[in-house]
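The structure under discussion appears below in the form of structure tokens.
Just so it is clear, none of the values below were taken in a lab; they were calculated from the coordinates. All values reported here derive from a predicted model rather than from experimental measurement. Note that we place each Cβ from the backbone using ideal geometry, even for glycine, and neighbour counts take in every protein chain shown.
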Amino acid sequence: MKRKINFFVVTALVVFFAMAADVFIIWQLNNYETRFLELYGAEQDGYVKVVLGEINRLGDDATEENITEIISSLDATASRYWTVSKEDSILFVKSVTETNRYKGFTDGTYYASDSAAAFMNRLKLNQVGHQIIYLNEDRFIASGMIFEWRGQQYRICLLTYDKVLLEDNILLECKNSIIIILLLVLALLIILSMMMSKKIRGQASRIALQEERAIWQNQQLEQLDEQMKREHAFSARKRVFKHTVLDEFLQELDERGAKPIHFAVFETETQESRDEFFEHMQMVLDNRVLRFSMDDRLVLLIFARYEQAVSSKIIKSLENKKVRKVADLYCEDNTESYKRQFEQFWKAVAEE
């Protein structure tokens, strides 16, 4: 049996594949963004080292205010700024104004997210490191380290907002171009798959219709052939049947509701006289009389739809010196099947 393809499922799978491919490529773009930020963080680490060198060149009479002055003199914006803390206390955040807001707070107050807190805890002495962190749901690439000044440890960090890097350079243009091309390709793929699905579904429908029509035509031909075979089988004018097919004919007569039926059994002197008897019947009997050879000498005639007077007269006319009637049975209907009636009749004939 041929498997039928559900083209709605095929189209749905194509759409699903397109969406999955879209998600995968966007995920890859995000990974590329992360890798880009990591590379930028490595460059940013060098800038932190340069600023730390400026702090280390301060004289012995320098104070913490001198450190904050150096940091505040650097270019800083809302998207890129510095923080300095001593132990857990914040000394500088972004600008003087912002620093005043966090006076008396610990650096854990500012670096409150899990990623930011983890970054601060992993800072090492005189070794710059970087990490992507989140502050108030905004993503930053942060570079920082711990340094000692006058016997005390300080933390210095430089934070850059990711959108400054990703939206203000050629990366954003490339990303947008890739996404646009991707969406166009996926849309084209979906449209083509739907068009092909519709076309193939139409062809499948036409093929199925042709197959149904061919099956119907074959069935009609088979029925016609069977009908012709049956009609030919019952066209008994020039045919003599063996007794082995008698049950099939009786069943067919039952199914057709042919009535009345008149059975007549004849006995011939020899096999040669039996053959002569058959030749004679071809001339005097029509195709409503079925002829069966029961053995070398016995002949059974079945008269279908004959009035009893007519069939009895024909039966009597068939007798001669070499052919005699053994017995006959007239059945007005098939209330009791013809097969059953014939079996009883034939049993009585055998007992004579």
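If the segment from S79 to N100 were pulled out straight at 0.36 nm per residue, it would be longer than the present Cα-Cα gap by 5.7 nm.
Note on K316: aspartates and glutamates with a C-alpha under 12 Å away, same-chain residues under 8 apart excluded, are D328. A Förster radius of 22 Å, combined with the Cβ-Cβ distance separating S312 from D286, puts the computed FRET efficiency at roughly 0.85. Using a Gaussian network model of the chain with C-alpha springs under 10 Å, which one of L209, L246, L39 is most mobile by mean-square fluctuation? Highest fluctuation among the options: L246. Assuming charge only on the beta carbon of Lys and Arg (+1) and of Asp and Glu (-1), the dipole of the chain about its Cα centre is about 1440 debye to the nearest 20.
So what's the gap between the Cα centers of the range 175-201 and the range 289-352, to the nearest angstrom? Taking the Cα centre of each part, the range 175-201 and the range 289-352 sit 82 Å apart.
Give the angle, between 0 and 90 degrees and rounded to the nearest 10, that separates the Cα long axis of helix 308-318 from the longest principal axis of the Cα atoms of the chain. With rounding to tens, the tilt is 60 degrees. Computed from backbone phi, the HN-Hα couplings of the range 199-205 come to 5, 5, 5, x, 5, 5, 5 Hz, rounded to whole numbers (Karplus: 6.51 cos²θ - 1.76 cosθ + 1.60, θ = phi - 60°; Gly and Pro given as x).
Stretch K86-L125 to full length: gain in nm at 0.36 nm per residue minus the Cα-Cα span? Extending this stretch completely gives an extra 12.7 nm.
Modelled spin labels at R57 and R297, positioned 7 Å past Cα toward Cβ, are 14.6 nm from each other. Between the helical axis of 246-256 and the longest alpha-carbon principal axis of the chain there is an angle of about 70 degrees. Between the C-alpha center of the range 113-141 and that of the range 258-278 there is a gap of 116 Å. Computed on the Cα atoms alone, the convex hull of the chain gives a volume of 286 cubic angstrom per residue.
Rounded to the nearest 10 degrees, the inclination of helix 271-284 to the longest alpha-carbon principal axis of the chain is 80 degrees.
In terms of surrounding Cβ atoms within a 10 Å radius of their Cβ, W216, W149 rank from fewest to most as W216, W149.
When peptides 115-126, 254-265 are ranked by their average number of other Cβ atoms within 10 Å per residue, the highest-first order is 254-265, 115-126.
Can you spot the aspartates and glutamates whose alpha carbon is less than 13 Å from K321's alpha carbon? Ignore those fewer than 8 places along the same chain. Partners found: E267, E269, E276. When the chain is treated as a Gaussian network with alpha carbon springs shorter than 10 Å, the biggest mean-square fluctuation among A112, A309, A78 belongs to A309. Springs between alpha-carbon pairs under 10 angstrom, Gaussian network model over the chain: which of F147, F342, F36 fluctuates most? Between F147, F342, F36, it is F342 that shows the largest mean-square fluctuation.
Under a model in which nothing but the beta-carbon of Lys, Arg (+1) and Asp, Glu (-1) is charged, the range 236-351 shows a dipole of about 340 debye around its Cα centre.
If you count Lys pairs in the range 7-171 whose Cα atoms are under 15 Å apart, skipping same-chain pairs closer than 8 places in sequence, the total is 4. Only helical runs count toward this figure. For the chain, summing -39,500 (n - 2.57) over DSSP H runs of n ≥ 4 and dividing by all residues gives -19000 deg cm²/dmol at 222 nm. Sequence-ordered 3J(HN,Hα) estimates for the range 117-123 from the Karplus curve with 6.51, -1.76 and 1.60 and θ = phi - 60° stand at 5, 5, 4, 4, 6, 8, 4 Hz, glycine and proline given as x. Extension gain for S113-E351 works out to 74.3 nm (0.36 nm per residue, less the C-alpha to C-alpha distance). Annotation: the range 7-171 has a Kirkwood hydrodynamic radius of 17.7 angstrom, from the mean reciprocal C-alpha pair distance.
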